[in-house]
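First up is the structure itself, then whatever we jot down about it.
Values quoted throughout were computed directly from the atomic coordinates according to the rules given, and no laboratory measurement underlies them. Quick caveat: nothing in here was measured; it's all calculated off a predicted structure. As a convention, Cβ positions derive from the backbone with ideal geometry for all residues, glycine included, and neighbour counts pool all protein chains shown.
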Amino acid sequence: MEHQAQSWCDEMERQTGSWCNEMEHQARSWCSEMEHQARSWCYEMEHQARSWCSEMEHQARSWCYEMEHQARSWCNEMERQVGSWCDEMEHH
């Protein structure tokens, strides 16, 4: 009986060891996959962000250029109006 118990314990130990090795292998492989996925996702996000920032920068630059143009054109118009008004005042 003792021999049988010993042999059963040995078998259980062997099974457990083998199962733990398998689990460890699975976990390692799963973690490796997750790490790879995360890295690839982060790289994609970084690319997206860079491209979005670049677009925003372009938009802002183009909007500022437009605003500057508008302001200059408005100031020129004001200057012209005031000049014309002052000329008129002088002639009266």
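How many percent of the alpha carbon pairs in region 43-92 exceed a separation of 15 Å? Here the tail beyond 15 Å accounts for 66 percent of pairs. Here the dipole of region 45-92 is about 260 debye; that uses its Cα centre as origin and unit charges on the Cβ of Lys and Arg (positive) and Asp and Glu (negative). Using 0.36 nm per residue and subtracting the Cα-Cα separation, the extra length available between S62 and M23 on full extension is 8.3 nm. Count Lys and Arg as plus one, Asp and Glu as minus one, and take only other residues whose Cβ is under 11 Å from that of W8; the net charge is then -3.
For the chain, the Cα gyration tensor yields ellipsoid semi-axes of 86, 9, 4 Å (square root of five times each eigenvalue, largest first, whole Å).
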